Amino acid sequence: MQFNPDLNFRELGGYQTKDNRIIKHHIFYRSAALGLFSEEELSQVNKLGICDIYDFRSKKEVNRIPDPSLDNTNYFHLNALIDKDGNEIDLSPEGINQLSKEDFYGEEFLKVFVGRFYGNLVYSKAYKFMFDRLKENKTPILFHCMAGKDRTGVASALIMMALNCDDEIIVNDYMKTNEYRKHAIDKCLDSYKDDIEKYPGAKEILYGIEGVNKTSLLYFLNKIKEEFGSYDKYLEEVFSVSLDDRKKLIDLYTE
């Protein structure tokens, strides 16, 4: 069946790695929150044999739209966004919209937004739990946040990074969100058309509500390179994924 495109439901199977292997199909699924799915869509997800669900949302988001249960599936709430003081960061569209227009459309917004959110995601322990389970071959998995774009997009990037995909392929998967969620993005841009006319750069910023900006993931990837020097070192130091672990993951999940 066809899923509502706004749910951003897709898998990582089929992507090529640097050593000309292919990520196996039906292993890694990504999406928006399952509470947004129709009964028919959930029925189809239920048939995928999902082993683990990773919900990267905040408690507030989970309480507002909880995930329904799936058959024989482990559910893990792993808030991916917690600041250095242990406070939850709300990356939902509602959370972003709490800013004043002056702050939201200010020249520093994208810089602050990317630095605060994507900068914190570089060190998120939620993804370490995911990798620990992947090393034990606890698959297939489905991972999501609210709209399946930022926290989910980073999770997807990390899996592809560990499986030795090129940056270009990682970024292309991230940007597919704007194809899947085109209806939601267009609706958002239309509702803010007066702001787009009034504030320079507003259109790019508004893409961050219902879609994604390439600059966000590039910031994430570049921050890793600047602070760790290589993806190998980063994966090992932050997520305890050694070179031997990566070889195991590549053997398990590519062909």
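The values are calculated or read from the model by the stated rules, or taken from the named source; none is laboratory data. As the structure is a prediction and not an experimental result, all values here were calculated from the model. Note: ideal-geometry Cβ built from the backbone for every residue, glycine included; neighbour counts use all protein chains shown.
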If we scan region 35-50, do we find a residue that is of a type in the set (D, E, K, R), surrounded by 14 or more Cβ atoms within 10 Å (Cβ to Cβ) and not in a loop (DSSP other than H, G, I, E, B)?
yes
Just a yes or no: is a residue in region 151-167 in contact with a strand residue (DSSP E or B) (Cβ under 7 Å, 6 or more places away or on another chain) and within 17 Å of residue 67 (Cβ to Cβ)?
yes
Is region 203-211 home to any residue that is farther than 18 Å from residue 116 by Cα and at pLDDT 95 or above?
no
What are the residues in region 51-64 that are surrounded by 15 or more Cβ atoms within 10 Å (Cβ to Cβ) and either touching a Phe, Trp or Tyr at 6+ places or on another chain (Cβ under 9 Å) or not hydroxyl-bearing (Ser, Thr, Tyr) (or both), if any?
51, 52, 53, 54, 55, 56, 57, 61, 62
Out of the residues in region 116-146 meeting the condition of being of a type in the set (A, V, I, L, M, F, W, C) and assigned to a strand (DSSP E or B), tell me which one is surrounded by the fewest Cβ atoms within 10 Å (Cβ to Cβ).
141
Checking the structure you have, find out if any residue of region 73-85 is modelled with pLDDT under 90, part of a helix (DSSP H, G or I) and either in contact with a Lys or Arg (Cβ under 7 Å, 6 or more places away or on another chain) or surrounded by fewer than 17 Cβ atoms within 10 Å (Cβ to Cβ) (or both).
no
Could you pull out the residue among 219, 207 that is among the hydroxyl-bearing types (Ser, Thr, Tyr), in contact with a Phe, Trp or Tyr (Cβ under 9 Å, 6 or more places away or on another chain), in a helix (DSSP H, G or I) and touching a residue at least 12 places away in the same chain (Cβ under 8 Å)?
219
Matching residues, region 14-34, being surrounded by fewer than 16 Cβ atoms within 10 Å (Cβ to Cβ) and part of a loop (DSSP other than H, G, I, E, B):
14, 18, 19, 20, 25, 26
Look at region 38-57 and say how many of its residues are free of Cβ contacts under 8 Å to residues at least 12 places away in the same chain and either under 20 Å from residue 121 (Cβ atoms) or of a type in the set (S, T, N, Q) (or both).
1
Does residue 240 qualify as being among the small types (Gly, Ala, Ser) and more than 20 Å from residue 6 (Cβ to Cβ)?
yes
Pick out the one residue from 237, 197, 226 that is among the charged types (D, E, K, R), in a helix (DSSP H, G or I) and modelled with pLDDT under 95.
197
Restrict the check to region 242-250 and report whether at least one residue is loosely packed, with under 15 Cβ neighbours inside 10 Å, aliphatic (A, V, I, L, M) and assigned to a helix (DSSP H, G or I).
yes
Matching entry among 43, 69, 92 (being modelled with pLDDT of 95 or more and of a type in the set (Ser, Thr, Tyr)):
43
